[in-house]
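**Student:** One structure, pasted below without further comment.
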Amino acid sequence: MIRTSPFHERTNAANETGLWEHWSGYLAATKYQVSEKFEYFAIRNSAGLFDSSPLFKYRIHGSDAERFLSGVLARDIRTCEPGHAQYTVWCDDRGFVVEDGVVLRHAADDYWLTSAEPNLAYFADLAGRHDVEIEDISERYGVLAVQGPSSRAILAGLAPSVERMPYFGLAKATIGGVPVTISRTGYTGDLGFEIWVEADDAVGVWDTVVEASRGRGVVPIGLTALYMARIEAGLLLLDVDFQSSRFAWTDAHRSTPIELGFGWMFRNLAADDRAFIGRDAMAREIAGRTSRWKLTGLILDWRDFDRIFDAAGLIPPKDHTPIQDEYYVYDDDGKQLGYATSQMYSPMLQRHIALARVPLAMSVPGSRVKLELAVSHRYEYFDAYVARLPLYNPDRRTA
């Protein structure tokens with residue numbers, strides 16, 4: 001059965017295209033406007049409203065909640081104080097990523113965790129004798145993301161605590177008389193917030209936010225605009241940039257956090273006394289530098305790009321539509337080095353960009369590679385250079 005989110009009454013009315021996709025069994029708008037580029041520029045210049053409700057949501061609470069999550073999550077949850085959130089991953093015992101998500105710490109023993117796929121049974125099987133309760137609250141809450149440079153001003157007018165909320169901070173507030181939780185999180189790589197609201201109150205909160213946004217160029221945004229923003233920001237997408245180790249057939253389809261660029265989560269692993277799942281494998285990988293590759297950014301050389309299309313008698317395309325599929329990366333001798341998982345033409349950077357896996361030796365920013373793309377029904381090899389992620393990173397994101 002196809003389900004609709006708590007905001008569907010409003011998102012359906014706003015969807016001028018009638019284009020929808022399935023996201024975890026829910027309808028999610030592909031784009032609301034005829035041009036998704038209009039929605040993308042709302043994110044970068046004002047703010048966009050995105051319905052994140054289809055995410056799976058779990059409440060993990062009890063006297064052993066911190067101890068339990070310290071052993072399950074790869075990033076040390078003890079460093080996340082109450083009133084803050086944390087991006088994290090969880091792994092199998094071989095150090096391969098099962099999934100990623102954001103955990104919100106409401107109190108010393110009360111956490112909310114989001115994930116793209118169902119994980120209730122997975123976490124419940126690991127609970128053992130811990131004094132912890134794991135609840136699926138996915139249908140209980142709607143989540144409205146307000147993303148872009150105007151997001152703080154809009155929400156601060158409704159909930160003053162937002163004005164001074166730190167990056168990955170969270171707080172309880174009221175919007176239009178409705179109790180909500182607001183976190184400074186999102187999936188666009190820009191200044192942004194997410195509002196958690198009880199499902200029955202979701203439409204009222206949507207209306208209040210829309211009214212407060214009036215005259216600012218704020219619009220609802222669909223999945224296409226969201227994917228454009230997340231590629232620029234170097235934010236990974238499950239089943240595109242990595243696969244869950246639980247469902248991968250071979251290790252070629254599995255990834256470690258360090259290979260995915262999350263080594264910063266484990267900079268002080270030697271001083272970390274947790275026996276979390278995958279720890280020993282990660283320690284060996286770090287000590288032996290045995291990572292097979294690293295996921296990094298690529299920026300195509302625009303001169304070479306234009307030259308190849310000019311030679312084919314074609315106008316060089318500047319297509320912003322995200323391509324979320326594998327395209328292979330080579331060296332100058334035609335040897336395959338790795339592959340790109342996501343690519344697009346970035347309207348903000350005015351460059352063709354990609355997220356790609358390359359060998360460690362080629363992951364140094366400035367390293368030159370070639371990206372294979374089709375031109376006039378044949379493969380051509382475009383000059384590109386490695387760039388540190390995120391490719392687009394405005395100061396306001398974390399300031």
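The values are calculated or read from the model by the stated rules, or taken from the named source; none is laboratory data. Here the structure is a predicted model, which is why all the values come from computation and not from measurement. Virtual Cβ from ideal backbone geometry, glycine too; neighbours counted across all protein chains shown. The accessibility values were calculated without ligands, DNA or RNA, using every heavy atom of the protein model including side chains. Shrake-Rupley method; radii C 1.70, N 1.55, O 1.52, S 1.80 Å.
**Student:** If Ala85 passes every condition in (1) open to solvent by less than 40 Å² (accessible area, probe 1.4 Å); (2) touching an Asp or Glu at 6+ places or on another chain (Cβ under 8 Å); (3) in a strand (DSSP E or B) but one, which one does it miss?
**Tutor:** Looking at each condition in turn, Ala85 falls short on (2).
**Student:** Condition (residue is out of contact with any helix residue (DSSP H, G or I) (no Cβ under 7 Å at 6 or more places or on another chain), within 26 Å of Glu39 (Cα to Cα) and at pLDDT below 95) applied to the range 377-399: is it met by at least one residue?
**Tutor:** Yes, the range 377-399 contains at least one residue that is out of contact with any helix residue (DSSP H, G or I) (no Cβ under 7 Å at 6 or more places or on another chain), within 26 Å of Glu39 (Cα to Cα) and at pLDDT below 95.
**Student:** A further question follows. Out of the residues in the range 122-153 meeting the condition of being hydrophobic (A, V, I, L, M, F, W, C) and within 23 Å of the chain's Cα centre (by Cα), tell me which one is surrounded by the fewest Cβ atoms within 10 Å (Cβ to Cβ).
**Tutor:** Only one residue tops the list, namely Ile137.
**Student:** Consider Leu69 carefully, then state whether it is of a type in the set (A, V, I, L, M), surrounded by 21 or more Cβ atoms within 10 Å (Cβ to Cβ), in contact with a helix residue (DSSP H, G or I) (Cβ under 8 Å, 6 or more places away or on another chain) and modelled with pLDDT of 95 or more. Full working, then the answer.
**Tutor:** Numbers: of a type in the set (A, V, I, L, M): yes; surrounded by 21 or more Cβ atoms within 10 Å (Cβ to Cβ): yes; in contact with a helix residue (DSSP H, G or I) (Cβ under 8 Å, 6 or more places away or on another chain): yes; modelled with pLDDT of 95 or more: yes.
So Leu69 passes the test.
**Student:** Right, another one. So which of Thr256, Thr250 ends up being crowded, with 22+ Cβ neighbours inside 10 Å and β-branched (Val, Ile, Thr)?
**Tutor:** Thr256
**Student:** Six or more apart or on different chains, Cβ atoms under 9 Å: show the pairs whose first residue is in the range 230-257 and more than 21 Å from Pro347 (Cβ to Cβ) and of a type in the set (Val, Ile, Thr) and whose second is modelled with pLDDT of 95 or more and open to solvent by 10 Å² or more (accessible area, probe 1.4 Å).
**Tutor:** Close Cβ pairs satisfying both conditions: Thr256/Arg94; Thr256/Phe96; Thr256/Phe262; Thr256/Ala281; Thr256/Glu285; Thr256/Ser291; Thr256/Arg292.
**Student:** Taking the range 372-388, which residues are within 15 Å of Leu235 (Cα to Cα) and surrounded by 18 or more Cβ atoms within 10 Å (Cβ to Cβ)?
**Tutor:** Ala387
**Student:** Please list, ordered by first then second residue, the pairs with beta carbon atoms under 7 Å, 6 or more apart or interchain, first in the range 169-198 and in a strand (DSSP E or B) and open to solvent by less than 20 Å² (accessible area, probe 1.4 Å), second modelled with pLDDT of 95 or more and of a type in the set (Lys, Arg).
**Tutor:** Qualifying pairs under 7 Å: Gly169/Arg184; Thr181/Lys172; Phe193/Arg184.
**Student:** Got a sec? Which strands (runs of 3 or more DSSP E) wholly within the range 265-370 have at least 2 residues that are on the phi < 0 side of the Ramachandran plot, open to solvent by 40 Å² or more (accessible area, probe 1.4 Å) and without any contact (Cβ under 8 Å) to a residue 60 or more places away in the chain?
**Tutor:** Details: elements: 294-300, 327-330, 336-346, 351-358.
Where strands (runs of 3 or more DSSP E) fall fully within the range 265-370 and carry at least 2 residues being on the phi < 0 side of the Ramachandran plot, open to solvent by 40 Å² or more (accessible area, probe 1.4 Å) and without any contact (Cβ under 8 Å) to a residue 60 or more places away in the chain, they are 327-330, 336-346.
**Student:** A further question follows. If I ask for residues that are within 18 Å of Val203 (Cβ to Cβ) and assigned to a strand (DSSP E or B), which ones from the range 1-39 would you list?
**Tutor:** Passing the criteria: Arg3, Tyr26, Leu27, Ala28, Ala29.
**Student:** With the checklist (1) open to solvent by less than 30 Å² (accessible area, probe 1.4 Å); (2) within 24 Å of Ala275 (Cα to Cα) in hand, flag the one item Ala107 doesn't pass.
**Tutor:** Result: Ala107 fails condition (1) only.
**Student:** Filtering the range 199-220 down to residues that are closer than 10 Å to Leu144 by Cα and out of contact with any Phe, Trp or Tyr (no Cβ under 8 Å at 6 or more places or on another chain), which residue is surrounded by the fewest Cβ atoms within 10 Å (Cβ to Cβ)?
**Tutor:** Looking at the filtered set, the residue picked out is Val209.
Per-residue answers, yes or no, for (1) in contact with a Leu (Cβ under 7 Å, 6 or more places away or on another chain); (2) modelled with pLDDT of 95 or more; (3) of a type outside the set (Lys, Arg):
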{"residue": "Tyr111", "(1), (2), (3)": "yes, yes, yes"}
{"residue": "Glu133", "(1), (2), (3)": "no, yes, yes"}
{"residue": "Ser150", "(1), (2), (3)": "no, yes, yes"}
{"residue": "Ala156", "(1), (2), (3)": "no, yes, yes"}
{"residue": "Gly169", "(1), (2), (3)": "no, yes, yes"}
{"residue": "Lys172", "(1), (2), (3)": "no, yes, no"}
{"residue": "Leu191", "(1), (2), (3)": "no, yes, yes"}
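**Student:** For Ala233, work out the one condition from (1) more than 16 Å from Gly142 (Cα to Cα); (2) in contact with a strand residue (DSSP E or B) (Cβ under 8 Å, 6 or more places away or on another chain); (3) surrounded by 17 or more Cβ atoms within 10 Å (Cβ to Cβ); (4) among the aliphatic types (A, V, I, L, M) it doesn't fulfil.
**Tutor:** The one condition Ala233 does not meet is (2).
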